[in-house]
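Beneath this line is the structure, given in structure tokens, with notes to follow.
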Amino acid sequence: MLFGADLWIPITVAAALFQTWRTALQQKLRGALSVNAAAFVRFLYGAPFALLFLLLWSGATGQSIPAPNAWFMLLCATGGLAQIIGTSLLIRAFGYRNFAVGTAYSKTEAVQGAVAAWIILGEALSPLAWGGVALGAAGVLTLSLPKQGMAIGDVLRSAAQPAALCGLGAGAGFAIASIFFKMANFALPGDDPILRALATLTVTNVLQTLMLGAWVARAEPEQFRLSFASWRSAGWVGLLSAAGSSCWFSAFAMAPVAMVRALGQVEMVFTLAFSRLYLREAVRRADVSGLVLVVFGVVLILLGR
């Protein structure tokens, strides 16, 4: 099945939009669920929707669902675990006083992903695309700084703080997860990257539900029960999670991981727009500067693809 060479671009933008929307809804669950339980429902209710998307795409295209193999299952499990660990480290960063710095450092995911993909997958980027990745990372870092402002030198000096270390670890976890998801996609037979992506997502979500669910059931049994009781609101989180992940996994199969993750930084644009237009929050000068850097970074990435 043939796809346009640049189809990954609108798919990535859609992924970023769905992710922003999902995060907003997931925050509302925090009043009823713990951090781990709120993360668990993302996979618990995302898995059925992922399976539904897979069946619908298979039926619409007349293709058989590719049969999984042992290597594919191992890649899905490893990528899923890396994503869970990245989420846990990010949550730990929030637990420290200087959580804003931890968040900022987690946004180095695109740069870490570019380096890791180059080493593991041999994905080479043009100098212009590398410049776009770096510029976008600088913009996201600016948007992630504390509201009272912080000089770049201060952020660099904060690199040894626990919050920053957890943030860097979270970025590494998400970057590694992206690479393993792409490897899992290519471990399946077939010419349709979207069908393979949906199959990868479905299996990964099921494995993540089992892994994280076992942890929550053992460590927070009451929260485990509440995860099922809150199905009315958590179901929407699962739907948006499955929709966003379907787009991420498909984009990974069509383009270099670094370019997908770097373009995905437009999520910050959506977040800022939501904050200003819906919540009526004031926009700082640093927000505008960061937004400009992200946009120019995306332009460079697209020009250098």
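The values are calculated or read from the model by the stated rules, or taken from the named source; none is laboratory data. Being a predicted model, the structure only gives us computed values, none of them experimental. Quick reminder, even Gly has a Cβ in these numbers, built from the backbone with ideal geometry, and neighbours come from all protein chains shown.
A few remarks follow.
- Residue tally, condition touching an Asp or Glu at 6+ places or on another chain (Cβ under 8 Å), of a type in the set (Val, Ile, Thr) and modelled with pLDDT of 85 or more, over region 17-65: 1
- Test: residue in region 234-243 that is of a type outside the set (Lys, Arg), in contact with a Gly (Cβ under 6 Å, 6 or more places away or on another chain) and over 16 Å from residue 37 (Cα atoms): yes
- Test result for residue 223, touching a Gly at 6+ places or on another chain (Cβ under 6 Å) and of a type outside the set (Gly, Ala, Ser): no
- Among (1) within 28 Å of residue 121 (Cβ to Cβ); (2) among the hydrophobic types (A, V, I, L, M, F, W, C); (3) surrounded by 15 or more Cβ atoms within 10 Å (Cβ to Cβ), the one test that residue 74 misses: (3)
- In the set (1) assigned to a loop (DSSP other than H, G, I, E, B); (2) modelled with pLDDT of 95 or more, the condition left unmet by residue 75 is number (1).
- Region 179-238, residues that are surrounded by 16 or more Cβ atoms within 10 Å (Cβ to Cβ), out of contact with any Ser or Thr (no Cβ under 6 Å at 6 or more places or on another chain), among the polar types (S, T, N, Q) and farther than 19 Å from residue 121 by Cβ: 202, 205, 208, 209, 227, 230
- Only listed residue being over 30 Å from residue 66 (Cα atoms), in contact with a Ser or Thr (Cβ under 7 Å, 6 or more places away or on another chain), modelled with pLDDT under 95 and hydrophobic (A, V, I, L, M, F, W, C), chosen from 249, 270: 270
- Inter-residue pairs, beta-carbon under 9 Å, first free of Cβ contacts under 8 Å to residues at least 24 places away in the same chain and farther than 15 Å from residue 82 by Cα and in region 197-221, second hydrophobic (A, V, I, L, M, F, W, C) and in a helix (DSSP H, G or I), 6+ apart: 217/224; 218/224
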